[in-house]
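Visitor: Here it is: the structure, laid out below.
The values are calculated or read from the model by the stated rules, or taken from the named source; none is laboratory data. Fair warning: this is a prediction, and the values are worked out from it, not measured in the lab. Cβ coordinates were reconstructed from backbone atoms using ideal geometry, including for glycine residues, and neighbour counts include every protein chain displayed.
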């Protein structure tokens, strides 16, 4: 024993800053070690988080693939330009050529009244009845295929309006209902992904929060002792917060693996389906940025979940 | 070092654990707190460690009035105290070394410094050879000594002990009390609650006797 025992020892500012960093590092590895020592229960918690993160990520990917695939198809927009009846066929061709010059138009097909009638007779089944007509009542039609790059329904709408106002044009009818429907379906799906993501984010917060709460309860005695020998709340909180961060981060890793594995399972059937449509479309996986997003989101949710649990329960534990 | 002025403590249940206590323990002094169970010994120590707050009166420790100490400052205040419990409060999921190191870890000491101080403290209580042992494998007396090593490892100026020999046989009890006397010899102020009158009356230190929350011998309220 020596006399310095009469002096309480307090580290200096510099070494206290170092100590702060050391304390963080200690909590960082301590919480990781705790997961390692209880691998099964840790893994189950992380797997739940992984699934909760994989679901919206997977939905998002499906949506992105659908949008891409839809973009690759013939947009299906087609404008039927009904010309004035009796317009000379020379003028019809001239108009068609004039329209072909335009950038927003890919190609133009001329359907003369005779062709239209023939087609109609074949497809309608009214062949005999139509034979009774003296005159061909059908107008000449130009079928206009807009440039496939034009996917914005509004731009197509404007083009149709301009076509309708041209000379010798009776009417312009746009057949793009299914395109609008597809857009509406995609918009609905997007909203669904957002709603599902929100709910599952809440689930992750609750799962982490509950896990950390149980952990705090199990270590009640330790917390009491630590408080008695001068531990601040921040010091006690730290390993639990890092625990939540680990759960979120590793859960997000599991989520990414799940998404990629599911994608691998879907790849074959999708390529076969694409083959049937004479396309060599292949599914788009998670990009690096997507992966980073999932990891950050998982980490943040894990931290937030533990922060809620820790804030509420550590304050309540006081030595008695 | 520790000054109580007209301190009363009434628990929310209505039980008055301490009534109008005034006493003083000077720097480097040591005293025993005696009385039947329920006399208020534990309450007095809890008030000193700020585990409880007094209902009335002032407590001044190390020239700081505890009434002015906000709850955020409590952890830093407690680092000036070494607290020893009857049931030693060791953590069974870590080694003796890690138990003793905990106050140093909390206070933010560096790794190498921690090793040096923990070994010094364990050496003092005669358990240096047990640093890697699990507390559960130690005898009750050894566990209590680990608890003491943990309390003194930061070299606090004040030690508080609540029935430190409560579970020990007379020989072990005397060993523990001798340890306290040794710490006191190098200037640590010590307050020990104990009802082991046979033992403590032989140690030549003042006794503060409590009876149902009151001082039995008010003249001796001021030590030394």
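Visitor: Is the range B:190-200 home to any residue that is in contact with a helix residue (DSSP H, G or I) (Cβ under 8 Å, 6 or more places away or on another chain), under 27 Å from residue B:43 (Cα atoms) and within 14 Å of another protein chain (Cβ to nearest Cβ)?
Guide: yes
Visitor: In the range A:275-320, how many are exposed (fewer than 12 other Cβ atoms within 10 Å of the Cβ) and either at pLDDT below 80 or under 19 Å from residue A:45 (Cβ atoms) (or both)?
Guide: 5
Visitor: I'm checking my understanding of the structure. Among residues of the range B:59-90 that are more than 24 Å from residue A:223 (Cα to Cα) and out of contact with any helix residue (DSSP H, G or I) (no Cβ under 6 Å at 6 or more places or on another chain), which one is nearest to the other protein chains (Cβ to nearest Cβ)? Steps first, answer last, please.
Guide: Of the range B:59-90, the ones more than 24 Å from residue A:223 (Cα to Cα) are B:59-65, B:67-68.
So of that shortlist, the ones also out of contact with any helix residue (DSSP H, G or I) (no Cβ under 6 Å at 6 or more places or on another chain) come out as B:60-65, B:67-68.
Numbers: B:60: 17, B:61: 12, B:62: 9, B:63: 13, B:64: 12, B:65: 18, B:67: 18, B:68: 19 Å.
Only one residue fits best here, namely B:62.
Each row is one residue, and each column tells you yes or no for (1) surrounded by 19 or more Cβ atoms within 10 Å (Cβ to Cβ); (2) at pLDDT below 90; (3) assigned to a helix (DSSP H, G or I).
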{"site": "B:115", "(1), (2), (3)": "no, no, yes"}
{"site": "B:121", "(1), (2), (3)": "yes, no, yes"}
{"site": "B:133", "(1), (2), (3)": "no, no, no"}
{"site": "B:161", "(1), (2), (3)": "yes, no, no"}
{"site": "B:180", "(1), (2), (3)": "yes, no, yes"}
{"site": "B:183", "(1), (2), (3)": "yes, no, yes"}
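Visitor: Is there a residue in the range A:84-94 that is free of Cβ contacts under 8 Å to residues at least 12 places away in the same chain, touching a strand residue (DSSP E or B) at 6+ places or on another chain (Cβ under 8 Å) and away from chain B (no Cβ under 14 Å)?
Guide: Just the residues of the range A:84-94 that are free of Cβ contacts under 8 Å to residues at least 12 places away in the same chain, to begin with: A:86, A:88, A:90, A:94.
Of the ones still in play, those that are also touching a strand residue (DSSP E or B) at 6+ places or on another chain (Cβ under 8 Å) are none.
So far as the range A:84-94 goes, no, none of its residues is free of Cβ contacts under 8 Å to residues at least 12 places away in the same chain, touching a strand residue (DSSP E or B) at 6+ places or on another chain (Cβ under 8 Å) and away from chain B (no Cβ under 14 Å).
Visitor: How many residues does the range A:231-245 hold that are within 13 Å of another protein chain (Cβ to nearest Cβ) and touching a residue at least 60 places away in the same chain (Cβ under 8 Å)?
Guide: Count: 6.
Visitor: Does residue B:150 satisfy the criteria of being at the interface with chain A (Cβ under 10 Å from one of its Cβ atoms) and under 26 Å from residue B:77 (Cβ atoms)? Don't jump to the end; show me each part of the working.
Guide: Numbers: at the interface with chain A (Cβ under 10 Å from one of its Cβ atoms): yes; under 26 Å from residue B:77 (Cβ atoms): yes.
Yes: the conditions hold for residue B:150.
Visitor: Let me ask another. Select from the range A:178-230 the residues that are within 14 Å of another protein chain (Cβ to nearest Cβ) and either under 19 Å from the mean Cα position of the chain (by Cα) or part of a helix (DSSP H, G or I) (or both) and list them in ascending order.
Guide: Step one: list which residues in the range A:178-230 are within 14 Å of another protein chain (Cβ to nearest Cβ), which gives A:215, A:218-230.
Scanning the range A:178-230 gives A:215, A:218, A:220, A:221, A:222, A:223, A:224, A:225, A:226, A:227, A:228.
Visitor: Would you pick out the residues in the range B:33-53 that are part of a loop (DSSP other than H, G, I, E, B), under 28 Å from residue B:68 (Cβ atoms) and touching a residue at least 60 places away in the same chain (Cβ under 8 Å)? Before the answer, list the steps.
Guide: Of the range B:33-53, the ones part of a loop (DSSP other than H, G, I, E, B) are B:35-40, B:49-53.
From the residues that got through so far, the ones that are under 28 Å from residue B:68 (Cβ atoms) too are B:40, B:49-53.
Those that are part of a loop (DSSP other than H, G, I, E, B), under 28 Å from residue B:68 (Cβ atoms) and touching a residue at least 60 places away in the same chain (Cβ under 8 Å): B:40, B:49.
Visitor: Shifting gears a bit: Kindly evaluate residue B:126 against the criterion of being free of Cβ contacts under 8 Å to residues at least 60 places away in the same chain, within 14 Å of chain A (Cβ to nearest Cβ) and at positive phi. Explain how you work it out, then say what you get.
Guide: Details: free of Cβ contacts under 8 Å to residues at least 60 places away in the same chain: yes; within 14 Å of chain A (Cβ to nearest Cβ): yes; at positive phi: yes.
Yes; evaluated as a whole, the condition is true for this residue.
Visitor: Within the range B:79-111, take every residue that is within 27 Å of residue B:69 (Cβ to Cβ) and without any contact (Cβ under 8 Å) to a residue 24 or more places away in the chain and give me the one that is surrounded by the most Cβ atoms within 10 Å (Cβ to Cβ).
Guide: B:109
Visitor: Looking at the range B:54-69 only, could you name the residues that are closer than 21 Å to residue B:157 by Cα and outside any strand (DSSP E or B)?
Guide: Let us first name the residues in the range B:54-69 that are closer than 21 Å to residue B:157 by Cα, namely B:58-69.
B:62, B:63, B:66, B:67, B:68, B:69 - these are the residues of the range B:54-69 that are closer than 21 Å to residue B:157 by Cα and outside any strand (DSSP E or B).
Visitor: Let me ask something else. Look at residue B:109 and say whether it is in a loop (DSSP other than H, G, I, E, B) and touching a helix residue (DSSP H, G or I) at 6+ places or on another chain (Cβ under 8 Å).
Guide: Working: in a loop (DSSP other than H, G, I, E, B): yes; touching a helix residue (DSSP H, G or I) at 6+ places or on another chain (Cβ under 8 Å): yes.
Judged against the criteria, residue B:109 is a match.
Visitor: Go through (1) surrounded by fewer than 20 Cβ atoms within 10 Å (Cβ to Cβ); (2) part of a helix (DSSP H, G or I) for residue B:126 and report which single condition fails.
Guide: Condition (2) is where residue B:126 drops out.
Visitor: Given the conditions (1) surrounded by 22 or more Cβ atoms within 10 Å (Cβ to Cβ); (2) under 16 Å from residue B:160 (Cα atoms), report the number of the one that residue B:49 does not fulfil.
Guide: Condition (1) is where residue B:49 drops out.
Visitor: Find the helices (runs of 4 or more DSSP H) located wholly in the range A:33-145 whose residues include 2 or more that are in the same structural domain as residue A:258 (by TED's automatic domain parsing), under 23 Å from residue A:171 (Cα atoms) and touching a helix residue (DSSP H, G or I) at 6+ places or on another chain (Cβ under 7 Å), and list them.
Guide: Details: elements: A:39-72, A:89-100, A:113-124, A:127-131.
Helices (runs of 4 or more DSSP H) meeting the threshold: none at all.
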